[in-house]
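Structure, as structure tokens:
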Amino acid sequence: MSTKFIYLILVVMLVFMVVEFLFVTIGRRAPFEIVYYRSNLEYDYDGNATFTTVVGLYFKDERKREEYKNAYLEASKEGLGKYFQDISKQVGREIVPYDYTVKMEEKGGVLEVTEKTFLKGAAEVKDGVVDTGMGNLTIGMSGETEIVVKIPEDAVLISAVPTPTVLEGNVLVWRPKESIPFPKVTFRKGSER
């Protein structure tokens, strides 16, 4: 074999590997951009909470948007149970989702997905103190992000980590620019000493 022929084979193989790499990388990329993410977490004294999450997704390809909507509606309820089983193992307590609803609507070219679920065991309760911490769980940031934690109106706030952007009465708000730990808010009933 001539040296020219070997170089040609190497070039063809290299081009093939680069094309395959690009195809795999592009194929794994999400078909949307996250425009905004808002999560409202409302806790009670029993360690239960209602989580309402609103995510705005922008799709360049309308066909991909429709495929996503159909696949999401089929998989979301099934995936929710599995997701919270995994989270339960990570945080060391059982978190069980109930009353799950999902709604999708188009708003100015953005697909808005709203999920609402009641979670039993969302927080740990010990000696009357409610702790919303979720261990090492973090919230990754994309787009405009807002996380709101609401505690009962008569609750006494003990601590909040990380420090909220806004604290007004029983409402704590984070507007992070990067990933943060899941908010660890501790509180108790106001009448207890």
Residue satisfying condition, being touching a residue at least 24 places away in the same chain (Cβ under 8 Å) and small (Gly, Ala, Ser), within set GLY56, GLY81: GLY56
I'm checking my understanding of the structure. Among residues of the range 46-71 that are among the aromatic types (Phe, Trp, Tyr) and buried (at least 17 other Cβ atoms within 10 Å of the Cβ), which one is nearest to ILE147 (Cα to Cα)? PHE51
Do you know which residues across the range 101-118 are over 15 Å from the mean Cα position of the chain (by Cα) and assigned to a strand (DSSP E or B)? THR101, LYS103, MET104, GLU105, GLU106, LYS107, VAL110, LEU111, PHE118
The one condition in (1) open to solvent by 70 Å² or more (accessible area, probe 1.4 Å); (2) at pLDDT 90 or above that TYR83 fails to fulfil: (2)
For the range 126-193, list the strands (runs of 3 or more DSSP E) that sit wholly inside it and hold at least 3 residues that are open to solvent by less than 50 Å² (accessible area, probe 1.4 Å); which are they? 129-131, 144-150, 155-161, 171-174, 184-189
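So that you can scan it fast, the table gives a plain yes or no per residue for (1) free of Cβ contacts under 8 Å to residues at least 12 places away in the same chain; (2) touching a His at 6+ places or on another chain (Cβ under 8 Å); (3) not aliphatic (A, V, I, L, M):
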| position | (1), (2), (3) |
| --- | --- |
| GLN90 | no, no, yes |
| VAL96 | no, no, no |
| ASP99 | no, no, yes |
| GLU106 | yes, no, yes |
| GLU124 | no, no, yes |
| THR132 | no, no, yes |
| GLY143 | no, no, yes |
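The values are calculated or read from the model by the stated rules, or taken from the named source; none is laboratory data. What you see is a predicted model; the values in this text were computed from it and never measured. All Cβ positions, even for glycine, are placed from backbone atoms using ideal geometry, and neighbour counts span all protein chains on display. Surface accessibility is based on the protein's heavy atoms, side chains included, excluding ligands, DNA and RNA. Shrake-Rupley method; radii C 1.70, N 1.55, O 1.52, S 1.80 Å.
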